């Protein structure tokens, strides 16, 4: 049986990890390397790093961060931000990314999903969908782009199905109004998404307690649960989160301290 994954998300703005609330930056956290060292120690299942600066000026610095993360990260590393072409994906994978996360540019040019899947495989492509309630749409949720600031008029479930048809290997669904609010995932949205697509679904946005992670899997039907803000507090370690999931009887990789002598090597270095 496939195990449910616990994923830590790092939002990188101008070279620093930040926290957000409803997609607006609140306060800086610090170094991505410090966070990853902490996650590594307690066997997080995957790490996602997203570049959320306003423009391309900080991309060189972010690429350096990606390479540094890949050398000290012993679990799969997914990277997103400013992916408009296959060349950017090649940059990320050269610097150590195992997967890439698409959002705005996938909506604006869906063919990009297929281009990446054809070159790297569908398992390398995660399509992230930022959604907000819109009663005028069939699912009740609208796709937002440009860091959640621009409405598209597109139905979230319809877009997810299209993304999978183009070759997306996973869907990450993020409820904008729950982001940073600590009230748990939008379980209605997660559940609808889990039923709508055959690809694995990652729930994101709103974790305030470990029970929210359990609910994301049990009630929402998510294959993986992700969080960002909560893991930046020392009293809220990934170890405690994993132990809570285990105690709830969920099929997750056991939480145990481990050390790896050598840095992991990125999976993709074909260019």
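Tabulated results
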{"item": "Residue that is surrounded by the fewest Cβ atoms within 10 Å (Cβ to Cβ) [pool: residues in region 106-139 that are touching a residue at least 24 places away in the same chain (Cβ under 8 Å), more than 20 Å from the chain's Cα centre (by Cα) and closer than 17 Å to residue 193 by Cβ]", "result": "133"}
{"item": "Scan of region 220-246 for residues that are surrounded by 17 or more Cβ atoms within 10 Å (Cβ to Cβ), modelled with pLDDT of 95 or more and in a loop (DSSP other than H, G, I, E, B), ordered by number", "result": "220, 222, 223"}
{"item": "Hits in region 1-28 (condition: over 18 Å from the mean Cα position of the chain (by Cα) and either closer than 22 Å to residue 185 by Cβ or modelled with pLDDT under 85 (or both))", "result": "1, 2, 26, 27, 28"}
{"item": "Residue tally, condition outside any strand (DSSP E or B) and surrounded by 17 or more Cβ atoms within 10 Å (Cβ to Cβ), over region 1-33", "result": "2"}
{"item": "Where residue 190 falls short, out of the listed (1) within 21 Å of residue 104 (Cα to Cα); (2) in a loop (DSSP other than H, G, I, E, B)", "result": "(2)"}
{"item": "Pick from region 138-153, criterion in contact with a helix residue (DSSP H, G or I) (Cβ under 7 Å, 6 or more places away or on another chain) and part of a strand (DSSP E or B), ranking: farthest from residue 180 (Cα to Cα)", "result": "152"}
{"item": "Condition met for residue 135 (farther than 22 Å from residue 228 by Cα and in a helix (DSSP H, G or I))", "result": "no"}
{"item": "Hey, residue 203 touching a strand residue (DSSP E or B) at 6+ places or on another chain (Cβ under 6 Å) and at pLDDT 95 or above or not", "result": "yes"}
{"item": "Test: residue in region 42-65 that is assigned to a strand (DSSP E or B), modelled with pLDDT under 90 and surrounded by fewer than 15 Cβ atoms within 10 Å (Cβ to Cβ)", "result": "no"}
{"item": "Considering residues of region 163-188 that are buried (at least 18 other Cβ atoms within 10 Å of the Cβ) and over 26 Å from residue 219 (Cβ atoms) only, the residue nearest to the chain's Cα centre (by Cα)", "result": "167"}
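The values are calculated or read from the model by the stated rules, or taken from the named source; none is laboratory data. Since we're looking at a predicted model, the values are computed, not measured. Virtual Cβ from ideal backbone geometry, glycine too; neighbours counted across all protein chains shown.
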